[in-house]
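The values are calculated or read from the model by the stated rules, or taken from the named source; none is laboratory data. Note that this is a predicted model, so its numbers are computed, not measured. So basically every Cβ, Gly included, is an ideal-geometry build from the backbone, and we count neighbours across all protein chains shown. Accessible surface areas use protein heavy atoms only, side chains included; no ligands, DNA or RNA. Shrake-Rupley method; radii C 1.70, N 1.55, O 1.52, S 1.80 Å.
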Amino acid sequence: MLFRRAVLLPVTLLPLALAQVPQQSPNTPVFRTEARDVIVDVVVTDDKGAPITGLKSSDFQVFENGKTQKVDFFEEHTARTLPPGVQAGLPAMPPNVYTNVPPAPESDAVNILLLDTLNTPRQDFTYSRQQVIQFLHNVKPGTRTAILTLGDRLNFVQGFTDDPSKLLAAVEDKKNGAQPQESPVLVSRSETAEINATIAFRQSSLGGSSYGAETLQRVYDRFQDFSQLNRSMLTLEALQDISRYLANLPGRKNLLWFSTEFPVFLLPNQSERGTMQDLAQPFSVVRKTADMLTTARVAVYPIQAEGVMNDSWFLADSGGPANTPTYVGGTSTSPNMGNAAGIMTTSGLVSDASRRAAILQQMHQLADDTGGKAIYNNNDLAAATSRAIDDGSHFYTLTYSPANKKLDGSYRKIEIKAAGKHWKLSWRRGYNADQPDHRALQISSAPLHPLMLMGLPNANEILYGIRVLPAAQQPAPGAPPTGKNEKLKGPFRRIAVDFFIRWSDLKFTPGPGDTHKANIQVEVLAYDRNGSALNWMGGTLLMKLSPDTWVTVQKSGVPTHLEIDVPRDQDVVLSTGVYDYSSSRAGTLQVDEPARPEAVKSQNGGQ
């Protein structure tokens, strides 16, 4: 069992600032290299969408800019679903006791559901949200999922969990921002129809003159450009934040993006670069976003929140297409008029067809550029979501060192071929050969911290449990806080965290006289509900175990104890972690608000 009676060990808990990873001697030679490995995740399915399993490296050919590349590393990743009839879950934990032992086999990929209100009309968002809720009622055990929303900023709804009840509660909680709302910068189709009707009325009121209508059209076009620029910049910033959040998490990340429009380019062609220039979109921001998504191994699955894409006059709030002109380049087009080229056309059909074509192009390009798949013209978004997660859960990872070593900023096209003639392959189609950002590549002196960001999935290389209770000794009024944040403002309450770490997951080194040594880091971080760090506490355990203690540890695990102060009247989330310096293995575990002192007192009958 993971939880047994705690045993006091002869260990030393050093302050974190004084007990970092051993540093190299100034005389130790340091070798630096710019060698790069390109990592490509490839999804292989048959013509019915079922995964092709059991492939080998020899089944694939990899090309970069048309030149064959040697595959240096190859690995198959599976969904790891439970056999039929096997129930997921763990035995019930005692009160206030938690574990990072996964309740079901976990896939190598994780999934992020991004509900977009910035680029989605209210009615489309409502529909897609209902479909996500339906999906969560039937999600497969062991599916690690997080939920974010994008409005005027990126909102954290629920961190990674394989507990569907937590995901459902988070989506339905009105405080989390996953409720329908109007986009502050999106011009909806009904609003566009109203503006076109206003322009038509102005033309008719001027006796057929197009002067006033053309002026209104120019103003409207400028407003549309300004709106799209705002949305694209906010969307690019959100994608950067998501990449930054996921960068230290190993493996593939499937970003299921529910939206009506996708106003970004990641790897734009020449025509799209011209469009970006017209809208004043900085290419440097686009390029940085693409590089960050590539480094974080994020595969985007654009999902059309509208479902089946209807023409605008089928909307309940549309006045219909009849006699409503659309102005293209200052020339009126209507069911009874020709365009500037003299070609007869129906304005509503042309407008809606152009809109659909532009959106589908955006979706396919996002998917191709990142290795995902575009999902559209499907009203059953719940089933489509499940298929997308299944698609991204079984993949092959291929790594190669490119023959072209130059980091010249050029775009490198990646092509993957496989032996099966009828197989369908999805992979990231290229990358920018940019110089790496060494600031982002620096090894943290606190290796656990990047894995302990609020909402990240638990790391399971080291399994352990924690017991979280109010500390026996609460802080005195006016006393400084216990923890590393000296600026934390009181009044405080103190939380005690007892760790029980599985000894077999740690690397112990035998010493003289049957002693055993190990060197691990143990951390606790307290966050508020918005993900801001409130306080943190931890340090390094330098263990030298006697033969008798070694025998005891093999029976009961490695215990340790930390205490941390948090604001007395504020709900918190605790992120805990264990890192083994000898093996570079880590374990993390996040828990919601622990029991308050008054709650424990009530549980104990007022004692």
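Points worth noting:
- Qualifying positions in the stretch 518-543 - charged (D, E, K, R) and either farther than 24 Å from H449 by Cα or open to solvent by 50 Å² or more (accessible area, probe 1.4 Å) (or both): R529
- Residue within the stretch 98-109 that is open to solvent by less than 40 Å² (accessible area, probe 1.4 Å) and either at pLDDT 90 or above or farther than 24 Å from A247 by Cα (or both) present: yes
- Cβ-Cβ distances below 6 Å connect the following pairs, each with a first residue in the stretch 155-182 that is over 15 Å from G455 (Cβ atoms) and of a type outside the set (A, V, I, L, M), a second residue that is open to solvent by 30 Å² or more (accessible area, probe 1.4 Å) and modelled with pLDDT of 90 or more, and a separation of six or more residues or different chains: P180/T126.
- Set G465, G455: member being under 20 Å from T99 (Cα atoms), open to solvent by less than 20 Å² (accessible area, probe 1.4 Å), in a strand (DSSP E or B) and not hydroxyl-bearing (S, T, Y): G465
- Selection over the stretch 497-517 of residues that are open to solvent by less than 10 Å² (accessible area, probe 1.4 Å) and either outside any strand (DSSP E or B) or of a type in the set (A, V, I, L, M) (or both) gives a count of 2.
- The criterion of being under 22 Å from N111 (Cβ atoms), at pLDDT below 90 and within 22 Å of the chain's Cα centre (by Cα) holds for L246.
- Contacts under 9 angstrom Cβ, first residue in the stretch 544-564 being loosely packed, with under 14 Cβ neighbours inside 10 Å, partner not in a helix (DSSP H, G or I), 6 or more apart: P547/T515; P547/H516; K555/R4; K555/V7
- Checked against the criterion of being of a type outside the set (D, E, K, R), within 27 Å of M452 (Cβ to Cβ) and either at pLDDT 70 or above or open to solvent by 40 Å² or more (accessible area, probe 1.4 Å) (or both), the stretch 44-65 has no qualifying residue.
- Taken over the stretch 510-538, residues that are at negative phi and among the small types (G, A, S) amount to 5.
- Taken over the stretch 235-252, the residue count meeting the criterion of being out of contact with any Asp or Glu (no Cβ under 7 Å at 6 or more places or on another chain) and either surrounded by fewer than 20 Cβ atoms within 10 Å (Cβ to Cβ) or over 17 Å from L266 (Cα atoms) (or both) is 10.
- Residues of the stretch 372-416 classified as open to solvent by less than 10 Å² (accessible area, probe 1.4 Å) and part of a loop (DSSP other than H, G, I, E, B), total: 2
Condition check ((1) in a strand (DSSP E or B); (2) at pLDDT below 85; (3) among the aliphatic types (A, V, I, L, M)) across all residues:
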residue: K140; (1), (2), (3): no, yes, no
residue: T149; (1), (2), (3): yes, no, no
residue: D152; (1), (2), (3): no, yes, no
residue: K166; (1), (2), (3): no, no, no
residue: A169; (1), (2), (3): no, no, yes
residue: Q181; (1), (2), (3): no, yes, no
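- Here N530 meets the list (1) farther than 20 Å from K507 by Cβ; (2) within 24 Å of the chain's Cα centre (by Cα); (3) modelled with pLDDT of 95 or more almost entirely, failing just condition (3).
- Being farther than 27 Å from L256 by Cα, in contact (Cβ under 8 Å) with a residue 60 or more places away in the chain and over 25 Å from the mean Cα position of the chain (by Cα) is a condition met by no residue of the stretch 422-436.
- Looking across the stretch 114-125, the residues that are surrounded by 20 or more Cβ atoms within 10 Å (Cβ to Cβ) and outside any loop (DSSP other than H, G, I, E, B) come down to L114, L115, D116, D124, F125.
- Qualifying position, being modelled with pLDDT under 85 and either among the hydrophobic types (A, V, I, L, M, F, W, C) or under 16 Å from Y527 (Cα atoms) (or both), among L441, L407, L453, L425: L441
- Some residue of the stretch 126-136 being under 24 Å from L589 (Cβ atoms), buried (at least 17 other Cβ atoms within 10 Å of the Cβ), in contact (Cβ under 8 Å) with a residue 24 or more places away in the chain and of a type outside the set (G, A, S): yes
- Pairs are defined by a Cβ separation below 8 Å, a sequence spacing of at least 6 or placement on different chains, a first member in the stretch 503-521 that is in contact (Cβ under 8 Å) with a residue 60 or more places away in the chain and farther than 15 Å from T549 by Cβ, and a second member that is of a type in the set (V, I, T) and open to solvent by less than 60 Å² (accessible area, probe 1.4 Å); the pairs so defined are D505/I462; N519/T540; I520/I501; I520/T540; I520/V558; I520/V578; Q521/T540; Q521/V578.
Each row is one residue, and each column tells you yes or no for (1) within 14 Å of V468 (Cα to Cα); (2) within 34 Å of the chain's Cα centre (by Cα); (3) at pLDDT below 90.
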position: S546; (1), (2), (3): no, no, no
position: V551; (1), (2), (3): no, no, no
position: V573; (1), (2), (3): yes, yes, no
position: Q590; (1), (2), (3): yes, yes, no
position: S602; (1), (2), (3): no, no, yes
